[in-house]
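Taking it in order: structure first as structure tokens, then the write-up.
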Amino acid sequence: MFFLLCCLSSVSKIVNYPLFIVNYLYKLMSDNLEYKIGISLIPGIGCVNARKLIAYTGGVEHVFKQKQNTLLKIPGIGKYLANKIANQNVLDTAKKEIEFINKNNIKPVFYYDSEYPERLKHCEDAPLMLFMKGDINFNQNKVISIVGTRHATKYGKDICNKLVDDLANAGHKVIIVSGLAYGIDICAHKAALKNNLETVA
């Protein structure tokens, strides 16, 4: 089972390079991760404004290196938000977050990473960062969400199981997405696992 908790997309592509190059690239990605997490921690900066800041400044790291006067020229960024961006305390918090995710084998995926779900990008307020455990391709063709009441009847559970069984028996390689709640949600996850289908909570 795969758990989505809210990768670095190049890691798998650099493993054949000499070790010193791999270590250097890991350091670059880790350093950049500090800013990726940091921008999501700035008070008052939501997903939409964060992407606007990145677009105007040329990169997530550049957001933190702009002078306040420059930030004030960006639409939607007033003096209050410019002051919050200039406050570098979020980067200290981001470093602690990185320590936590490394310790717990959590994979961060940023909005501009190739592993970020393309379907989610159609939402104007799509989250900037996703944190997940497991290994799954969110961008495969067939993804079905099954959700329902926590107080499921036997009939409801039977229908849920039959739906997933039929998908698997028809040869569909599909990801079953649900909420890991009691009732229909957990029934969908169990049915997926029983049928060797990938499932996301």
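The values are calculated or read from the model by the stated rules, or taken from the named source; none is laboratory data. Quick caveat: nothing in here was measured; it's all calculated off a predicted structure. Quick reminder, even Gly has a Cβ in these numbers, built from the backbone with ideal geometry, and neighbours come from all protein chains shown. Remember, those area values only see protein heavy atoms, side chains included, never the ligands or the DNA or RNA. Shrake-Rupley method; radii C 1.70, N 1.55, O 1.52, S 1.80 Å.
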| In the stretch 144-178, which residues are of a type in the set (A, V, I, L, M) and assigned to a helix (DSSP H, G or I)? | Ile159, Leu163, Val164, Leu167, Ala168
| Could you say which residue among Leu180, Leu193 is of a type outside the set (S, T, N, Q), touching a His at 6+ places or on another chain (Cβ under 8 Å), farther than 30 Å from Val60 by Cα and open to solvent by 70 Å² or more (accessible area, probe 1.4 Å)? | Leu180
| query | Filter the stretch 121-167 for residues that are at pLDDT 90 or above and of a type in the set (Phe, Trp, Tyr); which is most open to solvent (accessible area, probe 1.4 Å)? | reply | Tyr155
| note | If we keep only residues of the stretch 57-107 that are among the small types (Gly, Ala, Ser) and farther than 15 Å from Lys36 by Cβ, then the residue surrounded by the most Cβ atoms within 10 Å (Cβ to Cβ) is Ala82
